[in-house]
1. Filter segment 487-509 down to the residues that are surrounded by fewer than 23 Cβ atoms within 10 Å (Cβ to Cβ) and either more than 13 Å from residue 595 (Cα to Cα) or touching a His at 6+ places or on another chain (Cβ under 8 Å) (or both) and list them by number.
2. Kindly evaluate residue 309 against the criterion of being in contact (Cβ under 8 Å) with a residue 40 or more places away in the chain, more than 20 Å from residue 242 (Cβ to Cβ) and loosely packed, with under 15 Cβ neighbours inside 10 Å.
3. Output the residue which, of all residues in segment 512-525 that are closer than 14 Å to residue 369 by Cα and of a type in the set (Gly, Ala, Ser), is surrounded by the most Cβ atoms within 10 Å (Cβ to Cβ).
4. Quick one: which residue in 92, 126, 136 is at pLDDT below 90 and in the same structural domain as residue 207 (by TED's automatic domain parsing)?
5. Condition first: of a type in the set (Gly, Ala, Ser) and either surrounded by 14 or more Cβ atoms within 10 Å (Cβ to Cβ) or out of contact with any Gly (no Cβ under 7 Å at 6 or more places or on another chain) (or both). Now tell me which residues in segment 400-422 satisfy that.
6. Looking at 556, 459, 476, which one is touching a residue at least 40 places away in the same chain (Cβ under 8 Å) and assigned by TED's automatic domain parsing to the domain that holds residue 421?
7. Restricting the search to segment 552-564, which residues are more than 11 Å from residue 537 (Cα to Cα) and surrounded by fewer than 20 Cβ atoms within 10 Å (Cβ to Cβ)?
8. Could you grab me the full set of residues in segment 316-339 that are part of a strand (DSSP E or B) and under 13 Å from residue 262 (Cα atoms)?
Amino acid sequence: MSKTTLRKRIALTATTALFAGMLTVVATPSAYATHKAANSEAAGASGNTQMSVGLDGNMYVATAINVTAAAVVGGTAGTTGATTTIDDSALSKGLLAKDTSSGTAQTATVLASGVLSLYAQVATASAFFTTGGKFSSAYGGAAGASAYYNSTNTFVGIGNATTSTGVAVLWTAPSTAGTYAVHLLTGFSDNGSGGSVIQSATNGLVPPTLSAAITVTVVAASTGGAYSASKSACETTQNLAAETSSTVVGVDSTGSEANGGNWNIALKLRDDYSAALPSGNLVATATNGALLSWGSTAGTVTATPLAGTGSTVVAFRAGSLDALRIDQPTAGAPLSTTVTISYNGTTVCTKTVSIAGKVATLEVSAIQTQDLSTATHTNDIDASGRATGQLFQVVAKDSAGNRVATSSIGTFGSDSTSLAAASPIVTAISVAHSATATSSTSAYSYSTGLYTCGAAAGTASLKIKFTTTGTGEAITSPAFTVRCADNPYTYTASWDKASYVQGEVATLTVAFKDSKGNAANNVVTPGAATFITPMLTAVTTTGSASMLPSANGIKTYTFTVGTASGMTAGTYTSIIDFTGLTDVAAEKATPTYKLTTGGDSTTNADVLKSIVALIASINKQIQALQKLILKR
């Protein structure tokens, strides 16, 4: 076998292996696919894609509108092989969808027997190969070079370019539906003389590099032009200015709308090929009297749609991208509405949104006891982790019971009448954090308040007021009771039961008093503690200096009865020592408790006592019997 023949066989074997590994997986066309109707003559792109990525790395499909009877190869409208005009005349026929890529992962959909007009920019040898269908009308390449087709027209080489040049070809799809591959090959193969030519009748060589590939899905008929639920999207949004066809993906906004605000629905309508639907009848209806209006510019999403005047709006509009605005029918009244949108009679979107009404009620809870002569609360007991603590919570609701975010619509203040009556026990009241959320599971859906105590302990009745900035309307809460007291000074401790069985839960209650005997405040900690609790295991932390009591000066601690090493039944004395208090005036608490194992808890002492009692009883019976005998 000659070296030339061996080199030919190696080249052909490598080529066969390359083609066998080509991808033929159907990929979903991108959201920017260009759609042609079933007759291939409906609106498509206004022009073909210009080559811009570079040499030997891209292959393009003509997507321009084609109203002629046949496909047209690229380059025929300009200079032979010119890269600037190679796309000018290119027209495909029967193209239904094409993604936007030009590399090795392209996808396209075409009608059976349709024709793709392909073009590329190269500076090497180049060729086109397909797993089905046929090539024709090859054009371009080096001046004077002629194209070479194999016997089945599934391969075509277009010359040895050494400078930038344009190449083009027509690919006719098979008449049988299926999935096929079309590839662009570039580069030079070694012919043994330091160079190469493209495949010819004599050398058997092909360009070695796969530069571009298209997976083409051939279908018998077009399903374009009709609404596709899987390719369309509809979502609620509060930021229309940020919406584009790529961001409208069907994910609803998780935000909420305050009184006076409005919701928007952004939608894009696509067919099975992800192509935008043509203009059609868009009808939107809303429940509960919500006011609707379409965006001011059809086919786009605008940031400033005008407010609507009715609950049904009808328009003949483009389905490529659109926006619908939703407003309250009555100012200040809460709204919950379901909006339904249809396109040419087909329901394409159903969304339910709510807009809060004005503040109608204020609910005050979680009231804590403030320190004397103090206006702040530095120990944060708010689960939300806010930097400043709270002495009470305020939940604002509208007339439907929906929580209202108050931070952006108004301000809190004191009710002057109740505050004057509370003096000198309480001298001021305010809200530190106004609510920013509406979900009942969020700590930011309630406002947190503080109040200032005077020098004397006691209780007072207060009210808090909220004023809406836009209207000046004020809502006052019901009266709630607050308490002022001094810091923990003494304490007592007690167990919830006198006796426990192994495995039970024991609760220790510690009551803190201030120096005047009032229940202590719960904004100043009692400090670190040392607990000695024989045969009990602590569940809650006992030694932390930051443990705060409740509003009535009470703090509870939980223990399990028994230890890891077991338990001995008996009576025990615990020692509860808040060292910061006992160092000054308090006394250690020593409450006792009895423990049993839950089975037979009889001790030796109990047995001995029972024996002594039994002997005494027997002796009494003997003495009584002797007296009876003597009498006889």
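The values are calculated or read from the model by the stated rules, or taken from the named source; none is laboratory data. Bear in mind that the values here come from a model prediction, so they are computed numbers and not experimental data. Note that each Cβ is placed from the backbone with ideal geometry, even for glycine, and that neighbours are counted across all protein chains shown.
1. 487, 489, 490, 492, 493, 494, 496, 507, 509 - these are the residues of segment 487-509 that are surrounded by fewer than 23 Cβ atoms within 10 Å (Cβ to Cβ) and either more than 13 Å from residue 595 (Cα to Cα) or touching a His at 6+ places or on another chain (Cβ under 8 Å) (or both).
2. Answer is no for this residue.
3. This residue is 520.
4. Details: 92 fails: at pLDDT below 90; 136 fails: at pLDDT below 90.
Matching residue, one of 92, 126, 136: 126.
5. Applying the first criterion (of a type in the set (Gly, Ala, Ser)) to segment 400-422 yields 400-401, 405, 407-408, 410, 413-414, 416, 418, 420-422.
Those that are of a type in the set (Gly, Ala, Ser) and either surrounded by 14 or more Cβ atoms within 10 Å (Cβ to Cβ) or out of contact with any Gly (no Cβ under 7 Å at 6 or more places or on another chain) (or both): 401, 405, 407, 408, 410, 413, 414, 416, 418, 420, 421, 422.
6. 476
7. 552, 554, 556
8. Residues satisfying the conditions are 323, 324, 325, 326, 327, 335, 336, 337.
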